[in-house]
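For reference, the structure is listed below as structure tokens.
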Amino acid sequence: MSTEESIAKAKRALLKASETKNSKDMIDIMDNLIKIKATQDLLRKTDIGKTLGKLRTSEDVAVSQKAKAVVKKWKDDVVLSAKQASQPKPKSPPSEAPSTKSTPSNTASPPSDNAPPRTVKTDDVKFDSTGSTPRDKTIELMYGAVALGSFADTGLLLKRAMAIEKAVFEEFGSVNDGYKGKVRSLALNLKSKSNPGLRESIASGELPVTKLCKMSVEDMASEESKARDRKLAEEALFKARGAGSAQAETDMFICGKCKGRRCTYFQMQTRSADEPMTTFVTCVNCNNHWKFC
């Protein structure tokens, strides 16, 4: 089985394990993937980066960390391979016989995390000017944002960058304050190191550019950030209602933390009126709290 076939097989297995939320299988599969020496051509053909990109934002910390480790190792492989390919091979003098002595290797050292980012300049990308310098600069900015940590072709990345700029320009009609503010917001969110899933979904086409340009800052946040915000909101709600008279004590619930049955609870309508109310439960013994509908 070729390396490409092995990655394709692992990709299918990862998707299946992800659907069933089988963390052990996902980690085992990624343990095998990290052993593969990646090339840019191999990653483009298999499109495995899209699958790993989603796992980097997994709520399961072990899965998220493993996915990040695989992606980092593969990025190092690609950059190292490019450096080796660009180095001229030493030529032996024609009058001398090949030496049998071993000489120090001319292999480049592994790249650091501070490797230069992909930009229009570093990727040697050319595009037709819009006729407006600020708009051209926006295309360059969007290219660098979408290309951050990506293995995608320059042509595809440029297409996405130009589409983003066009959508923003059409929304505001000119390079006005609204245009500039939207561009800054998009650039900040796309370049966020904690939100690789947003960049990869744009590069892959999974998230349409037209939808991205209409999203709020909250919508663009990573799943990890959204989960953290939801947790903070629930914590605030529990504290706000902690001493309220609407609380009732019961032994109907079992605490998942201490297994105690002495709990207080209250109910609140958190969704639409035709949906059942949400029940918020707090364990009196250990102060653990949870909710259900």
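A search for C-beta distances below 6 Å between a residue of segment 198-213 that is assigned by the TED database to the domain that holds Arg44 and any residue that is open to solvent by less than 50 Å² (accessible area, probe 1.4 Å) and part of a helix (DSSP H, G or I), counting only pairs 6+ apart in sequence or on different chains, returns nothing.
Does Leu158 meet the test of being surrounded by 12 or more Cβ atoms within 10 Å (Cβ to Cβ), modelled with pLDDT under 85 and part of a helix (DSSP H, G or I)? Steps first, please.
Details: surrounded by 12 or more Cβ atoms within 10 Å (Cβ to Cβ): yes; modelled with pLDDT under 85: no; part of a helix (DSSP H, G or I): yes.
The answer is no for Leu158.
Please verify whether Arg262 is in contact with a strand residue (DSSP E or B) (Cβ under 9 Å, 6 or more places away or on another chain) and at pLDDT 80 or above, treating the condition exactly as stated. Yes: the conditions hold for Arg262. Sub-8 Å Cβ pairs linking a first residue in segment 160-189 that is outside the structural domain of Ser216 (by the TED database) to a second residue that is part of a helix (DSSP H, G or I) and hydrophobic (A, V, I, L, M, F, W, C), at least 6 apart or interchain, number zero.
Tally up the residues in segment 3-28 that are outside any helix (DSSP H, G or I) and aliphatic (A, V, I, L, M), please. Even if it seems obvious, please write down each step before you answer.
Let us first name the residues in segment 3-28 that are outside any helix (DSSP H, G or I), namely 20-22.
Imposing the further condition that a residue be aliphatic (A, V, I, L, M) reduces the set to none.
Total satisfying the criteria: 0.
Among the residues making up segment 13-49, those that are basic (Lys, Arg) and under 23 Å from Val78 (Cβ atoms) are Lys35, Lys37, Arg44, Lys45. The set of residues from segment 247-264 being under 37 Å from the mean Cα position of the chain (by Cα) and open to solvent by less than 30 Å² (accessible area, probe 1.4 Å) comprises just one member, Cys255. Among the criteria (1) modelled with pLDDT of 90 or more; (2) under 21 Å from Asp123 (Cβ atoms); (3) among the aliphatic types (A, V, I, L, M), the one Ala203 does not fulfil is (1).
The values are calculated or read from the model by the stated rules, or taken from the named source; none is laboratory data. Note that this is a predicted model, so its numbers are computed, not measured. All Cβ positions, glycine included, derive from the backbone under ideal geometry; neighbour counts span all protein chains shown. We work out accessible area using only protein heavy atoms, side chains counted, and drop any ligands, DNA or RNA first. Shrake-Rupley method; radii C 1.70, N 1.55, O 1.52, S 1.80 Å.
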